[in-house]
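Step one of this worksheet: look at the structure below.
Each reported figure results from applying straightforward, stated rules to the coordinates on display, with no laboratory input. Note that this is a predicted model, so its numbers are computed, not measured. Counting neighbours? That spans all protein chains shown, and the Cβs are built from the backbone with ideal geometry, glycine included.
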Amino acid sequence: MSATSQVAAGALSAHDRQILTAVNAGAASLSFVGSSFIVLCYVLFKELRKFSFKLVFYLAISDMLCSFFTMVGDPSKGFFCYAQGYSTHFFCVASFLWTTTIAFTLHRTVVRHKTDVEDLEAIFHLYVWGTSLVMTVIRSFGNNHGHLGAWCSTQTSTGKVVHFITFYLPLWGAILYNGFTYFQVIRMLNNATRMAVGMSDRGYHTEARPDMKVLNRWGYYPLILIGSWAFATINRIHDFIEPGHKIFWLSVLDVGTASLMGLFNSIAYGLNSSVRRAIYERLDLFWPDKLRRWLPYSSKYRNQQQQQHQESELVALKSQDQQ
């Protein structure tokens, strides 16, 4: 496996390994449910099938399969052991690579003002799946998978080094790229917003507030990978320094946060305003009238519709007066 597979039995007791197995299965199950929900939304709601959300859809598929193989747990020795380890490595690598394509698309559209991002979809697939496959194949060099507790884990020192090179180096490269890219996008949009507010009236300032919320949300995207894999990286480094000594609490944080990556991605990337609007629109159609007041977004959605309708009427009246 990826990070979770590297928590070897070592000095951990049987009870500790049972706890790690439970944490791994529980966290991976949450990620599986979250990413499956995003996939389901993309399939059911046609209005979401835009190119930007299509990339989120591919990210959710990678997270869903990564979570599935992560929570399999306790596979048999032999073929199933290899299948679990390499499948999880492949789809976890694909997951954080898809986040780089989302960052690249946003940067190319906002900063470089290019409109050809949809033409790059085939290149994105080649980049993500091809790189994931190459990293997974390279990982097999010098590896000796064995059945350690709940996971198939790399046992040899050479295998640990290869795994660090084929997983954690690309991971932190993706984190640095995403952070630098979102920094440039946010800085440019902040500058554009200040210029627009300075040249227009106060009305634009109130309209820009939702955009600023989006900018603040983008700033948290790189933190998802950091939060998911920081403890796993520390645990790997510690394992290199003291291979015979396992820290239980660090292993719990390693397994728990890494397995929650799919849930974090589904909330940050997938559960955006467009998805929430599509869900509440469907609920508003089928929800009984007596219970609609209990729908959190129902009154807010109707108020937005009424406000948009009033604004359109005001615009129409102003145009008529000008004529």
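Okay, here's what the table says:
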read-out	value
Two-site FRET efficiency, R282 against S52, from Cβ-Cβ distance with R₀ of 25 Å, rounded to 0.05	0.75
Count, lysine Cα pairs under 26 Å in the range 19-132, 8 or more residues apart or across chains	4
Whether the range 233-277 is rounded, prolate or oblate, judged on the alpha carbon gyration tensor where a/c under 1.5 counts as rounded	prolate
